[in-house]
Amino acid sequence: MPITYYIFLAVALFSIGVAGVLTRRNAIIIFMCVELMLNAVNLLLVAFSKMHAQNAIAIDPAAVAGVEAQLFVFFIMVVAAAEVSVGLAIIVMMYRNIHSVDVNFLNRLKH
Amino acid sequence: MSIFFLLLQQELLLTAIIFVLLFVKLSTKQWNSQTVLSFVNILLVVNLAAGFFFKEKGTLFGDMFQTNDLLRFEKNILNLGTLLISLQAYNWLLKHKHAIEFYLLMLSTLLGMFFMLSSSNLLMFYVGLELASIPLAALANFDLDKKRSSEAAMKYIMSSAFASGLLLFGISLIYGMVGSVNFTDIAVAASENPLFLFGFILLIAGFGFKISAVPFHLWTADVYEGAPVAVTSYLSVISKGSMLFVMTSVLSTVFANLLFQWYNIVAVLAVLSMIVGNLFAIRQQNIKRFLAFSSISQVGFILIGMSGANIESHSSVVYFVLVYLFSNLAAFAVINVISEASGKENIDDYKGLYKTNPALTWVLAIALFSLAGIPPTAGFFGKFFLLLGGASKGNYLLIIVAALNMVISLYYYLRIIKAMFMDANETPVEKLAISWSPKISMAVCMAGIVVTGIISGAYEYIYSLLK
């Protein structure tokens, strides 16, 4: 399959994630949308990794290429898990304080 | 083998301190919090001093990690800032149940910044960046019983997660066009390919979030106001400073081929940051919010220096961050003392401060003069070098806009100085006894503001590191 399909799919997923972060008001759904953005990135990285591997093999059958991106994907997964766990802990703190996970209530600091 | 330890000296020492603190925390013995805090501060002094003794440079981990004299110096600046903040937070942490966790989180973010500074690979850069930003959200929540603190943490973690999403999308596009995440490979392959440019712009957006340049500044004021004062000063000086160091070196080395493109982007960001930061700073009533917008406009000036893209402008950025560290931390030291003793954080509460606390007033006044860029202080020389670095491109319109903005900024800095010295107040802040640790921190900041300005050695030293 040509790489452009993967790029279109990843851009579509990423845009859905961005739109969700910008429009949804529930803190947990916002974190889900961030995960969607990160997964779009993972998909794109794996697709590019495959593309570079194929390009390298076409020139030299023994070549190894595109490993970096697959490693990168694992790092993104781990870091995203860490980010969400801190985020959920903060959501719990917020729920204790205002008994809601709606970010519209986070306006005490506005003027 | 020994070269490994020498190259990683600053990171390893910091990791060792983190582990020692972890064991102190886990030990069954109940430590006196005064002992623990003094112990931590001594460790931080050792950490700062040790950084000056090593000069080895080189790369590690298959070119993922690099270090040289400039990076060592930048890390020393960050160490110094962390030590000063730790001294300022002493009284707040004495009363706090979880003082050691505060240091664990803060030093973890510092470690992340060190790896981010030393990265010569996008993977290392990303992991360092996340290590530097995730624990900061937990730090922002450190006033556990206050609603506004958890609100600040929520806003910080959301915007930083969103920003790292944008950054990663940019990284994946750049990887797709280059086929490598190494900085040297990217520098060679950087081209005006549309997809590469799109990735590059997303990367700059990720940077922009961390340094809170306008249009990406919306989280700044709320997080700065809600977070505890020590964390606010950490965010505005250390976190921002490290990101500025990285951004300057990445833009001028890795993306040197795209100079025309990023010069325009950085110039627009600079003008917007200066104007929006200044205009919003004028109408603020809370002093932490005020300093948030003032720091946004300072970033605008730093971006002008960055846009010069030569050795002079690079050293002017590093020099200004050093000066900014002293000036901003001096201001935050005073705010910390007053907020800790009386809970007052509004500018109106600072009216008549000179009658009750003349020493604090002078410290804050000198810090604000330095931030505004009044000649005998270091802030003037910092801004002078920044504008000189930016002017090397020959875009004098940009420099004129910056000079006009310096005039506007003078207005709102002087507004606070007028409130402190001249305005009458029926219920001023009562006379405060300042304990030794904030005193040391203020003295170092004052000395820094005077010495780095008057003695030209500081700038020349940074310049010599870059050559």
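Might you let me know whether region A:31-45 holds any residue that is of a type in the set (Phe, Trp, Tyr), modelled with pLDDT under 95 and within 18 Å of A:ALA80 (Cβ to Cβ)? Yes: one or more hits. Among the conditions (1) within 26 Å of B:GLY81 (Cα to Cα); (2) without any contact (Cβ under 8 Å) to a residue 12 or more places away in the chain, the only one that B:SER437 does not satisfy is (2). For region B:123-169, the set of residues classified as facing chain A (nearest Cβ under 7 Å), of a type in the set (Asp, Glu) and over 19 Å from the mean Cα position of the chain (by Cα) consists of B:GLU151 only.
Within the set B:ILE157, B:ILE100, B:ILE174, B:ILE134, the sole residue that is over 30 Å from A:SER15 (Cα atoms) and β-branched (Val, Ile, Thr) turns out to be B:ILE100. The numbered conditions (1) within 13 Å of chain A (Cβ to nearest Cβ); (2) over 18 Å from B:PHE61 (Cα atoms) are all true for B:TYR103 except (1). When B:THR15 is tested against (1) outside any helix (DSSP H, G or I); (2) within 25 Å of the chain's Cα centre (by Cα); (3) surrounded by fewer than 16 Cβ atoms within 10 Å (Cβ to Cβ), exactly one condition is not met: (1).
Among the numbered conditions (1) in contact with an Asp or Glu (Cβ under 8 Å, 6 or more places away or on another chain); (2) within 25 Å of B:GLY112 (Cα to Cα), the only one that A:ALA81 does not meet is (1). Among the candidates B:LYS418, B:LYS431, B:LYS467, B:LYS355, the residue that is surrounded by fewer than 17 Cβ atoms within 10 Å (Cβ to Cβ), touching a helix residue (DSSP H, G or I) at 6+ places or on another chain (Cβ under 6 Å) and not aromatic (Phe, Trp, Tyr) is uniquely B:LYS431.
As for region B:229-244, it holds at least one residue that is hydroxyl-bearing (Ser, Thr, Tyr), within 25 Å of B:ASN121 (Cβ to Cβ) and assigned to a helix (DSSP H, G or I).
Evaluate region B:386-403: report whether one residue or more is over 16 Å from B:VAL299 (Cα atoms) and in contact with a Phe, Trp or Tyr (Cβ under 6 Å, 6 or more places away or on another chain). The answer is no; no qualifying residue exists. In a residue-by-residue description of region B:376-391, the property of being at positive phi and without any contact (Cβ under 8 Å) to a residue 60 or more places away in the chain applies to no position. Within region B:301-312, the set of residues being surrounded by 24 or more Cβ atoms within 10 Å (Cβ to Cβ) and assigned to a helix (DSSP H, G or I) comprises B:PHE301, B:ILE302, B:LEU303, B:ILE304, B:GLY305, B:MET306.
Comparison of B:ALA372, B:ALA447, B:ALA365 shows that the only residue that is free of Cβ contacts under 8 Å to residues at least 60 places away in the same chain, touching a Leu at 6+ places or on another chain (Cβ under 6 Å) and not aromatic (Phe, Trp, Tyr) is B:ALA372. Scanning region A:84-111 for residues that are touching a residue at least 12 places away in the same chain (Cβ under 8 Å) and under 20 Å from the mean Cα position of the chain (by Cα) turns up A:VAL84, A:GLY87, A:LEU88, A:ILE91. For region B:181-199, the criterion of being closer than 26 Å to B:MET274 by Cα and out of contact with any Gly (no Cβ under 6 Å at 6 or more places or on another chain) is met by at least one residue.
Restricting attention to region B:188-221, the residues being among the aromatic types (Phe, Trp, Tyr) and free of Cβ contacts under 8 Å to residues at least 40 places away in the same chain number 2. Set side by side, the residues B:SER164, B:SER150 differ, and just one is touching a helix residue (DSSP H, G or I) at 6+ places or on another chain (Cβ under 8 Å) and at pLDDT 90 or above, which is B:SER164.
Scanning region B:435-467 for residues that are under 24 Å from B:LEU322 (Cβ atoms) and assigned to a loop (DSSP other than H, G, I, E, B) turns up B:ILE455, B:SER456, B:LYS467. From the list B:SER191, B:SER180, B:SER172, exactly one residue is small (Gly, Ala, Ser) and more than 9 Å from chain A (Cβ to nearest Cβ). Which is it? Every option except B:SER191 fails the conditions. Reported count of residues in region B:446-462, each being over 15 Å from B:PHE384 (Cβ atoms), surrounded by fewer than 21 Cβ atoms within 10 Å (Cβ to Cβ) and at pLDDT 85 or above, is 5. In this structure, B:PHE209 does not qualify as touching a strand residue (DSSP E or B) at 6+ places or on another chain (Cβ under 8 Å) and at pLDDT below 95. Which residue is surrounded by the fewest Cβ atoms within 10 Å (Cβ to Cβ), if the candidates are limited to region B:145-185 and must be farther than 22 Å from B:LEU251 by Cβ and among the charged types (D, E, K, R)? The selected residue is B:ASP145.
Annotation: of all residues in region B:118-148 being aromatic (Phe, Trp, Tyr) and assigned to a helix (DSSP H, G or I), the one that is nearest to B:LEU13 (Cα to Cα) is B:PHE125.
Restricting to region B:418-434, give me the number of residues that are more than 9 Å from B:LYS351 (Cα to Cα) and either part of a helix (DSSP H, G or I) or touching a residue at least 12 places away in the same chain (Cβ under 8 Å) (or both). Qualifying residue count, region B:418-434: 4.
B:ALA189 passes every criterion in (1) surrounded by fewer than 24 Cβ atoms within 10 Å (Cβ to Cβ); (2) farther than 25 Å from B:ASN257 by Cβ; (3) not acidic (Asp, Glu) apart from (2).
The values are calculated or read from the model by the stated rules, or taken from the named source; none is laboratory data. The shown structure was predicted, so the numbers you read here are calculated from the model rather than taken from an experiment. All Cβ positions, glycine included, derive from the backbone under ideal geometry; neighbour counts span all protein chains shown.
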